[in-house]
Amino acid sequence: MKELHIYIDRLKKGQTEKISESISSDFLEIEEQDLVFDKIFKIDAEAYLANDHLMMQFTLNISVFIPCSICNKMTENSLKLNNTCFSIALSEIKGAVFDFTDEIRSTILNLVPAFCECNQGNCPDRPALKKYLKTPVKDGPSKTKDVYFPFAEDNFFIEL
Ligand SMILES: [Zn+2]
């Protein structure tokens, strides 16, 4: 697989490193029947240094297939992150390379919804189930998480 590595030395003069890769989801190390990810997904990331921290923003898009909560049919859920930020103190990074695989992995796993329904939320089996349900389940967990980093503007470096 492609490696999700940041070379810290390349950022020391204020550069921003951009990564744009299509990577295999094998690194998620998920081998479960009820949790299947796209084989390949796209990730864009930017890394730069600020105040002794490595700052990263990433955008990714991956589909996960989990069973419909009503009929059990495997159903696609699109997981998206837009410019999600993450930072780590340079003192915590051992060596010259930071591997952000684990960060991406836990971020993706956190996005997997606990509940889903096939057919865009209109499972064909729902009417059959209705008589057993007192209140229809309406709000599943949000599938899209947008986190914006407040210092993303270019002028962030002016004060340095
Ligand atoms: Zn269904």
Inset, instruction - Enumerate the amide H contacts of Met74 below 5 Å, restricted to partners 5 or more residues apart or on another chain; note that Pro and chain-start residues carry no placed amide H. - result: Cys68
Legend entry - Contour excess over end-to-end distance, with Cα ends at Glu76 and Ala114 and 0.36 nm allotted per residue: 12.4 nm
Legend entry - Cα centre as origin, Lys/Arg/Asp/Glu Cβ charges: segment 7-80 dipole, Debye: 360
Inset, instruction - Could you compute the FRET efficiency for Glu17 and Asn51, with r as their C-beta to C-beta distance and R0 at 22 Å, rounded to 0.05? - result: 0.80
Legend entry - Linear extension gain, Arg10 paired with Leu35, 0.36 nm per residue minus alpha-carbon span: 5.3 nm
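Every number here is computed from the coordinates shown, using simple stated rules; none is lab data. Treat the numbers as computed from the prediction; the structure is a model and nothing was measured. Every residue, glycine as well, gets a Cβ built from its backbone with ideal geometry; the counts of neighbours run over all protein chains shown.
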